[in-house]
Amino acid sequence: MIELDHVTVRFQDRIILDDISISLTEHRIGVIGDNGSGKSTFARLLNGLLLPDQGDVTVNDFDTRADGKMVRSQVGFLFQNPDNQIVMPTVAEDLALGLKPLNLSKDEQAHRVTDVLERFALAHLVDRSAHLLSGGEKQLVALAGVMVTEPDILICDEPTTLLDRRNATHVMRLIADLPCQVIVVTHHVEHLNDFDRVLVIGNGRVSHDGPPQDTIPQYLETLA
Amino acid sequence: MIVGLYMPGDSTIHNVSAALKLIVMFAIGTVLVFLDGLVPLAILVIGIGFVFTSVAGLGAGRLWSATRPLLIWLAIIAATQIWIADGEAAIGVIFRLVALVWTAALVTFSTRLTDMADVIARLCLPLRPLGVSPDRVAFLIALTIRLIPAVFETVREVRDVQRARGLERAYLAAFVPVLTRVLGQADVLSDALVARGFDRWDTQ
């Protein structure tokens with residue numbers, strides 16, 4: 001469970017997020033809002049990549065400020081651009097890289113890599129150069145690279161922005177079906193229809209909060 | 001786009017351990033210093049070329065791509081050697097350099113970066129009592145090797161943008177955008193590494 005307690009984030013003189021208090025307990029949570037509304041800042045707070053200027057963020061009772069490493073061991077993060085997330089040359093090497101900090105045995109590493117490759121239907125790409133794959137394949141590799149560490153929570157920051165409609169739908173379906181808690185920041189509101197809860201961020205605050213059937217139409221109304 | 005150097009394959013060379021390949025590479029480098037005469041050097045170059053193209057199955061095209069960037073330097077070195085010594089000396093130096101570059105390319109193309117990093121980590125093990133983390137050193141070196149092509153790609157992208165805007169020969173003007181982009185990429189990469197748990201490496 002993630003909790004934000006009176007969280008404020010500033011950048012120079014500008015307030016990006018303003019005194020947000022919220023508990024995130026649902027299995028699948030969507031976060032939407034305009035460009036510059038603070039969605040990505042919100043996402044980066046949740047695994048301690050960014051620390052609040054005021055207030056606290058706790059994940060499973062670990063404070064992101066005091067226990068950032070512990071938080072990140074439980075919270076995976078999927079970036080918008082997979083090229084920024086994939087580090088090693090081949091798919092297999094990149095997946096194995098994510099396991100290095102866990103100090104697992106070679107056998108356990110190999111088992112986890114094989115398992116995640118099969119789960120995401122990437123086994124045929126195992127020795128391919130990760131950066132020469134298609135956009136959709138790269139995002140799947142990036143997702144597999146996070147999920148191989150078996151996090152309790154997955155944060156996705158606009159994971160489908162660079163993908164075509166077919167790949168975006170495929171990636172979002174995989175993300176939505178994950179057993180762990182999933183928090184997805186996106187502009188593609190149509191992917192959140194089956195989610196349990198959707199937050200709308202606007203002017204640094206959570207302007208709407210509730211089931212997608214309520215919040216998405218409310219958000220779309222503000223765009224009209 | 002960041003392009004890796006390893007070319008997957010199942011040849012004998014691919015299956016040899018990274019440590020042995022590095023030892024052989026250093027041995028060839030040492031032999032090249034002491035090997036005298038154009039015929040032995042030529043045989044060595046042909047042998048390395050054969051292993052590269054046929055035994056490792058990496059192909060003549062890849063051998064050419066490894067050699068092409070060297071041509072300008074070979075021409076300069078050959079001209080210098082002819083000027084200060086003679087033609088035979090020039091050919092000898094060219095053979096030595098080509099043999100070294102082809103050997104290095106063979107090892108690079110046939111060895112996973114992670115296997116190479118494991119060897120480096122083992123070599124750094126004696127430094128652990130001094131507070132050096134062998135895994136971190138190996139990862140740093142692997143990441144550096146890995147990102148060299150990324151910098152070239154960034155330069156190409158910036159030059160493309162400038163050419164599209166009519167700045168055909170603005171080489172100096174490319175410096176700032178390239179630097180800005182590389183620093184930006186480094187920033188994002190460091191976030192990605194932290195998100196993937198690299199800040200807790202060796203601390204658990």
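We did not get these values from a lab; they are worked out from the coordinates using the rules stated. Keep in mind that this is a model prediction, so the values were computed, not measured. For neighbour counting, all protein chains shown are included, and Cβ atoms are generated from backbone atoms with ideal geometry for every residue, glycine included.
Worth pointing out:
- Residues B:Glu88, A:Glu93, A:Glu158, A:Glu221, arranged from fewest to most other Cβ atoms within 10 angstrom of their Cβ, appear as A:Glu221, B:Glu88, A:Glu158, A:Glu93.
- Seen against the Cα atoms of chain A and their longest principal axis, helix A:165-176 is set at about 90 degrees.
- Extension reserve of the A:Gln12-A:Asp34 stretch, reckoned as 0.36 nm per residue once the Cα distance is removed: 5.9 nm
- In this Cβ point-charge picture (+1 for Lys and Arg, -1 for Asp and Glu), chain B has a dipole of about 300 debye about its Cα centre.
- Its DSSP H runs of at least 4 residues, each contributing -39,500 (n - 2.57), put the calculated 222 nm mean residue ellipticity of chain A at -10000 deg cm²/dmol, to the nearest 500.
- Within a Gaussian network of chain A (alpha carbon springs, distance under 10 Å), most fluctuating of A:Ile16, A:Ile155, A:Ile183: A:Ile16
- Lys pairs, the protein assembly as shown - Cα-Cα below 27 angstrom, 8 or more residues apart or on other chains: 9
- Here is the list for the range B:109-204: chymotrypsin sites (Phe, Trp or Tyr not before Pro) lying in DSSP coil, each with at most 15 other C-beta atoms within 10 angstrom of its C-beta, are B:Tyr171.
- For GluC sites (Glu not before Pro), the sites in the range B:119-204 that DSSP calls loop and that have at most 13 other Cβ atoms within 10 Å are B:Glu168.
- Residue exposure proxy: A:Leu143, B:Leu167, ordered by other Cβ atoms within 10 angstrom of their Cβ from fewest to most, comes out as B:Leu167, A:Leu143.
- For chain B, the longest piece that avoids every one of the trypsin sites (Lys or Arg not before Pro) found in DSSP loops with at most 12 other C-beta atoms within 10 Å covers B:1-164.
- Positive-pole candidate from B:Ile23, B:Thr67, B:Phe95, dipole of chain B, charges at beta carbon: B:Thr67
- 0 to 90° range, to nearest 10: angle between helix A:106-119 axis and chain A longest Cα axis: 70 degrees
- Exposure proxy ranking, count of Cβ atoms within 10 Å, fewest first, for A:Ile175, B:Ile145: B:Ile145, A:Ile175
- Simple Cβ-charge dipole of the protein assembly as shown, Lys/Arg +1 and Asp/Glu -1, about Cα centre, in debye nearest 20: 1580 debye
- Peptide B:135-147 has a mean of 2 when you count, residue by residue, the C-beta atoms of other protein chains within 10 Å of its C-beta.
- Only beta bridges with both residues in the protein assembly as shown are counted; by DSSP, about 55 percent of them are antiparallel.
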